[in-house]
Number of protein chains: 2
Amino acid sequence: MSKSVTLKEVAAKAGVSYQTVSKVVNNKASVSPETEKRIWGVIAELNYTPNYNGRSLRRQRSNTIGYTWEPSPADQANPILDAFLQSMFRAAEEEGYYLLCFPFHADDVRMLKVYHQLYNTGRVDGFVLSRLNYGEASVPFLLENKIPFVAFGRLDDQDQSFPYIDVDGGQGVAQAVDHLVSLGHRRIAALAWPEDSRVGNNRLEGYFRGLAKAGLMSDPNLIVRGEGTSAVGFEATTYLLGLPADIRPTAIVCMNDMMAIGAMQAIQTAGLQPGRDIGVTGFDDTPTARYLTPPLTSISQPIPAIGENLMKRLIEYLESGSYPEPRCELVAPSLEIRESTAGYVPAKGRI
Amino acid sequence: MSKSVTLKEVAAKAGVSYQTVSKVVNNKASVSPETEKRIWGVIAELNYTPNYNGRSLRRQRSNTIGYTWEPSPADQANPILDAFLQSMFRAAEEEGYYLLCFPFHADDVRMLKVYHQLYNTGRVDGFVLSRLNYGEASVPFLLENKIPFVAFGRLDDQDQSFPYIDVDGGQGVAQAVDHLVSLGHRRIAALAWPEDSRVGNNRLEGYFRGLAKAGLMSDPNLIVRGEGTSAVGFEATTYLLGLPADIRPTAIVCMNDMMAIGAMQAIQTAGLQPGRDIGVTGFDDTPTARYLTPPLTSISQPIPAIGENLMKRLIEYLESGSYPEPRCELVAPSLEIRESTAGYVPAKGRI
DNA sequence: TCTCTCTAAGCGAACGTTCGCCTTAAGAAT
DNA sequence: ATTCTTAAGGCGAACGTTCGCTTAGAGAGA
């Protein structure tokens, strides 16, 4: 921190009281046009900027939003982190807010302590949460302590107890199934996440919806669950390709891009060609998706808009005391069609 | 911000003056063991946490470090962002500091204004810079205004005017060349960045060093420059594969993983197999590198250690007034050998 | 002329700390 | 008994704002 120009110095130079300078800076009324102009002149001349801590102390406002997130394992990139952060602090800056990033702790007790500390010391005015999962401890904690927050993600389809924006993953997967069905696929497998993943279940539910819409039965043999890694995708697909010809899937819907990458590898290893022989779709639309061989059809989430809107809503609440409608919002992802679902020719008589 | 417990409330309950409570909180001497214990008791009971803005105002310290970075284009992930951020705010938290993230502006004037503003308003005590390039405007600006900062990256091999940690990219590339030479490769091409990239030139210089060490001549025909995208990698490699057999490279060293991905695609498109027919190496060791077909040999940077050390050094400077030695440090990357450089059998008589 | 209203600006206080100096009392040294 | 030293804690002030009330003075209406 620098010792910088203060209100008093500006006031002295402008020949007014420092409180009057404050009024000018904050656009409060009752300053004559001439003095106002003069004061602005001195402010520009001295390059005055209001001290953040003085202001915050007096206003009881930090104009700072806290955010933490679970680090990705080293072998897995977080495909949305950069865009999400950028959209948030860009929106924040427009309103004079900034983003404070702090460490994630897997231990709930410790994590809640950090939330509490940051809010109680007046470092932040509120939080953005992301990647909520079943039994998320932070949500009830923040609600109970009346600590403002918005979330990227929801806990429960019905629960409207806190403001959130979430992606309707199910709708995205249903789109993918639709697309595959329209290409002639009838036996569509799913590489899903473990059952304790809320996001995973939401996406999988879209798989069932898509099949039902096409009048297809879902086959438990064609649903394989596992961590969303490339290795799991590889093994699961190897298993699927080994099924008897009359059960074997002609397309695989993956709940994220990593599994899709593994699936495509397995398909190639088996001497087949993704797209032509077996359709593959991913989820996330990772930057690398379009550079895979063949480029991967994937489901893309409107991350920048989500980050921006979350931030705007939180700030609106902090300034006005109430959230803009809708408090809870579900946004649609979009299917990016590429060659991993192209060129398929249904074998007649097998259908 | 919440209206929380203050020093005065603790003092009232403990039957001392509030300044005495402050002494206890800050471990200043001259408080008797009994009263100290009593005061700690009340602090725990009331769950007191010192108000951040009050403290900062008085101490003229924000205990906050600012960081901004250029957003990656949508089709390109930032492979190190998550790890770098995590390592920084983890190290910061240990010392009671936090990380403030703010928007990047391509316009220098605007960007410098933001730096100035954040520091002058007392929001941050210093900055971490990254991805420095030739003519970086922020460095002279911060130096001139005596604003503390440390950098991930350097501007010039000689320049020690500011503290930095940088990866010796050249050494990494030289390792890759060494490795290829040891496999029997003699004609090694390079996919390099445009000449205006400092990091790119540093890496390319290692290519020359590696060749020289092996007693090989560098051939200008085998060096192709372009933006570090997959498309550039594809085109450049297609060109290289079209060279006459006695010039055509048997291995390609790429200055980042994206170009390597494009190169591998081009090799496969030409009916060849990366690794067995043409060796390929990347740089960054992107999480996906190990999941490509074949897995990509790449150069990995010790990002977590860099982030942690940068933050520790900056904080040490802020607290003590001087940087720990060494002020400037070059760290070595490591070569992760995978199948994209395996299985090569040199054609006899062609060497 | 007197009162009333309104505008422009001043002033004291407060936000929650920390800092440095002062006071008190007890015990040691003379 | 007197002075000195030290430990324990009190007290005023300051960090840079903003808030709300007060005041001075000008102009209008009676």
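The values are calculated or read from the model by the stated rules, or taken from the named source; none is laboratory data. All values reported here derive from a predicted model rather than from experimental measurement. No Cβ is skipped: glycine too gets one built from the backbone with ideal geometry, and neighbour counts run over all protein chains shown.
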* Structure fact -> For segment A:269-318 the number of residues that are polar (S, T, N, Q) and over 23 Å from residue A:249 (Cα atoms) is 5
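Quick one: which of A:2, A:30, A:62 is within 7 Å of chain B (Cβ to nearest Cβ) and modelled with pLDDT under 90? Break it down into steps so the answer makes sense when it comes.
On the way: A:30 fails: within 7 Å of chain B (Cβ to nearest Cβ); A:62 fails: modelled with pLDDT under 90.
Within the list A:2, A:30, A:62, the selection yields A:2.
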* Structure fact -> Taking segment A:41-57 and keeping residues away from DNA strand D (no atom under 14 Å from the Cβ) and either within 14 Å of chain B (Cβ to nearest Cβ) or among the aromatic types (Phe, Trp, Tyr) (or both) leaves A:44
* Asked: Would you pick out the residues in segment B:255-314 that are facing chain A (nearest Cβ under 10 Å), touching a Gly at 6+ places or on another chain (Cβ under 7 Å) and touching a residue at least 60 places away in the same chain (Cβ under 8 Å)?
  -> B:257, B:258
* Structure fact -> If you go through A:42, A:24, A:16, A:31, the only one that is under 24 Å from residue B:53 (Cα atoms) and either within 12 Å of DNA strand C (Cβ to nearest atom) or outside the structural domain of residue A:123 (by TED's automatic domain parsing) (or both) is A:24
* Within segment A:88-116, can you find the residues that are more than 9 Å from chain B (Cβ to nearest Cβ) and buried (at least 22 other Cβ atoms within 10 Å of the Cβ)? -> A:91, A:97, A:115
* Where residues in segment A:124-152 are more than 18 Å from residue A:317 (Cβ to Cβ) and small (Gly, Ala, Ser), which of them is surrounded by the fewest Cβ atoms within 10 Å (Cβ to Cβ)? -> A:135
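Being within 18 Å of residue B:321 (Cα to Cα) and under 20 Å from the mean Cα position of the chain (by Cα) is the filter here, so list the residues in segment B:111-128 that pass it.
Narrowing segment B:111-128 to residues within 18 Å of residue B:321 (Cα to Cα): B:119, B:122, B:124-128.
B:126, B:127, B:128 - these are the residues of segment B:111-128 that are within 18 Å of residue B:321 (Cα to Cα) and under 20 Å from the mean Cα position of the chain (by Cα).
Based on this model, can you work out whether residue B:322 counts as among the small types (Gly, Ala, Ser) and not in a strand (DSSP E or B)? I'd like the intermediate steps shown before the answer.
Details: among the small types (Gly, Ala, Ser): yes; not in a strand (DSSP E or B): yes.
Considered against the rule, which asks whether it is among the small types (Gly, Ala, Ser) and not in a strand (DSSP E or B), residue B:322 comes out as yes.
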